[in-house]
Amino acid sequence: MRLDEVEDVEIRLLLEGVQQIYGYDFRDYAAASIKRRLSHWLAESEFATFSQAQARLLRDRGVFESLLRGITVNVTEMFRDPAFFRAVREQVAPFLKTYPFVKIWHAGCATGEEAYSMAILLNEAGMAGRYRIYATDINETVLQKAGEGVMAIKEMQRFTHNYQKAGGTASFADYYTARYDRAILSAALKKDIVFAPHNLAVDGEFGEMNMVLCRNVMIYFKPALKERCLRLFDSSLLPGGFLCLGLKETLERRKMGERYAELLSPLRIYRKRYG
Amino acid sequence: MARNFQAVVIGVSTGGVYALQTLLGQLPADFSLPILIVQHIGPEAGSGLAKLLDERCALRVKEADEQDEILPGTVYLAPPNYHLLVERGGFLALSADPHVSFARPSVDVLFESAAAVFGPHLIGVVLTGANFDGSRGLKTIKQKGGVAIVQDPADAAARQMPLAAMAATAVDYVLALDGMAALLQKLAPGRTAMSHKGRGAR
Ligand SMILES: C[S@@+](CC[C@H](N)C(=O)[O-])C[C@H]1O[C@@H](n2cnc3c(N)ncnc32)[C@H](O)[C@@H]1O
């Protein structure tokens, strides 16, 4: 057996153990990325091989938590892909405004930047108080951070730039208070967002959503897990609801695709058909 | 040297548009290997480069989509702002993980994941560029028994990336851009039955 194949076997055994002991299932994640992250984690750890790590990992929750942080990479930003948010502002918000109240689900929200961006956008569209955002993630550490709504001040320049490119015209600085090296988001943005743990590999649907966003999460999944997620989103969405994927993710070649119309072609905004 | 190669990976940065046009432009439509490319590019560059190369080359060139099947005689470009990786079973994967070697897409990420899957059946090519990305990946390719090709620094618009690659590992071929298509054809197994241009969705 080649060394690579040995390592693949070790990784599979490790992930199986993790699933059995801790209930987190990473066996359906695309292998190349997860291998990269695990190798990175291993290099930083005290263990020489995955087999060596396995024994401690299955007994010591602390070791598992560090592995979990290593596996779930949480890079995100406010108004990531400004063209996408501009399209939501200009072409999706007008539909949402026709409802008395809308519910939105961000699946895989990481540290919350995407959800806060949406809150800003909806408030500016005159929908304050008429929406609730459910923002979920598998990783409770990032959820806690998301709930605090505190960001590094050095990020704000980039986020402001994104906001403006996404069609924002207000003063972005009004949305946070600067304190030392931190930017504390205003309470008006937080009050209609609920952050909650949810694992797309095992947990169930969220009912009656008008919009579901799952961006840059499923690219890490194998096809079967991707299908599971799409079914989950489909059963969560009301007819006429919107499904938003990452810029390199598509419903093309998917069974579910027939029930959706692509609203804006390169931006991966889909609308669920009626009936 | 019958090595039964299965893929070519190329890493290129500064000066890449011209280099890729030259190299890919000299390959015939029935070139038998898939070619996976990381060209460093800004996060908002769009997919214009793939379209331009597709128009000017006999080979089919496309920007990689998640889960694309890796087909012979097809060129896949990493999309701006995503890493491009190879999955076992002949598929591509994308990732939005943090920058590696200060880049996303990163040449090292592509080379290392391709080396893990293709082992000795891989050809790695480092072209012009003003940074160090790709040298670690080329070393990995060599360690797994693959072949390493580097553009002659004297021929490169920016020589840093070729030099870094040559410093990192014992490179098999150092040559100017102009000879490279001929070398790849010599290394590649027999030609495919047909051109892949115009095949598949988009
Ligand atoms: C790259 S971030 C995407 C953040 C945000 N949606 C964006 O596009 O900027 C991916 C997130 O997916 C989460 N994730 C990974 N596997 C998950 C799963 N099985 N269930 C729920 N979330 C998951 C990770 O913890 C991480 O926070």
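With B:VAL61, B:VAL75 as the choices, which residue is touching a helix residue (DSSP H, G or I) at 6+ places or on another chain (Cβ under 7 Å), more than 12 Å from every other protein chain (Cβ to nearest Cβ) and closer than 14 Å to B:VAL9 by Cβ? Talk me through it step by step, then tell me what you get.
Working: B:VAL61 fails: closer than 14 Å to B:VAL9 by Cβ.
Being touching a helix residue (DSSP H, G or I) at 6+ places or on another chain (Cβ under 7 Å), more than 12 Å from every other protein chain (Cβ to nearest Cβ) and closer than 14 Å to B:VAL9 by Cβ holds for just one of B:VAL61, B:VAL75, which is B:VAL75.
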Condition set of a type in the set (Val, Ile, Thr), crowded, with 23+ Cβ neighbours inside 10 Å and not in a helix (DSSP H, G or I), scope segment B:78-131, selection farthest from the other protein chains (Cβ to nearest Cβ): answer is B:THR128
Picking from A:GLY108, A:GLY126, A:GLY147, the residue that is modelled with pLDDT of 95 or more, out of contact with any Pro (no Cβ under 8 Å at 6 or more places or on another chain), in the same structural domain as A:VAL212 (by TED's automatic domain parsing) and within 12 Å of the ligand (Cβ to nearest atom) would be A:GLY108
Within segment B:6-30, the count of residues that are assigned to a loop (DSSP other than H, G, I, E, B) and either surrounded by fewer than 23 Cβ atoms within 10 Å (Cβ to Cβ) or touching a Pro at 6+ places or on another chain (Cβ under 8 Å) (or both) comes to 8
Over segment A:44-81, the set of residues aromatic (Phe, Trp, Tyr) and not in a helix (DSSP H, G or I) is A:PHE47, A:PHE79
Sole miss for A:VAL75 among (1) surrounded by fewer than 16 Cβ atoms within 10 Å (Cβ to Cβ); (2) more than 14 Å from chain B (Cβ to nearest Cβ) is condition (2)
Among A:MET211, A:MET156, the single one that is modelled with pLDDT of 95 or more, among the hydrophobic types (A, V, I, L, M, F, W, C) and away from the ligand (no atom under 16 Å from the Cβ) is A:MET156
Within segment A:246-265, of all residues that are in contact (Cβ under 8 Å) with a residue 24 or more places away in the chain and not hydrophobic (A, V, I, L, M, F, W, C), the one farthest from the other protein chains (Cβ to nearest Cβ) is A:ARG259
All-but-one check, A:TRP41 against (1) more than 14 Å from chain B (Cβ to nearest Cβ); (2) more than 20 Å from B:LYS144 (Cβ to Cβ); (3) in a helix (DSSP H, G or I); (4) of a type outside the set (S, T, N, Q), failing number (1)
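Each row is one residue, and each column tells you yes or no for (1) crowded, with 16+ Cβ neighbours inside 10 Å; (2) free of Cβ contacts under 8 Å to residues at least 40 places away in the same chain; (3) in contact with a strand residue (DSSP E or B) (Cβ under 9 Å, 6 or more places away or on another chain).
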| position | (1), (2), (3) |
| --- | --- |
| A:PRO100 | no, yes, no |
| A:THR136 | yes, no, yes |
| A:LYS165 | no, no, no |
| A:ALA170 | no, no, no |
Has segment A:112-120 got at least one residue that is modelled with pLDDT of 95 or more, surrounded by 19 or more Cβ atoms within 10 Å (Cβ to Cβ) and within 14 Å of another protein chain (Cβ to nearest Cβ)? yes
Please indicate, with yes or no, whether at least one residue in segment B:154-164 is under 16 Å from the mean Cα position of the chain (by Cα), part of a helix (DSSP H, G or I), at pLDDT 95 or above and surrounded by 21 or more Cβ atoms within 10 Å (Cβ to Cβ). yes
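The values are calculated or read from the model by the stated rules, or taken from the named source; none is laboratory data. Every value quoted in this text rests on a predicted model; they were computed, and no experiment measured them. Cβ coordinates were reconstructed from backbone atoms using ideal geometry, including for glycine residues, and neighbour counts include every protein chain displayed.
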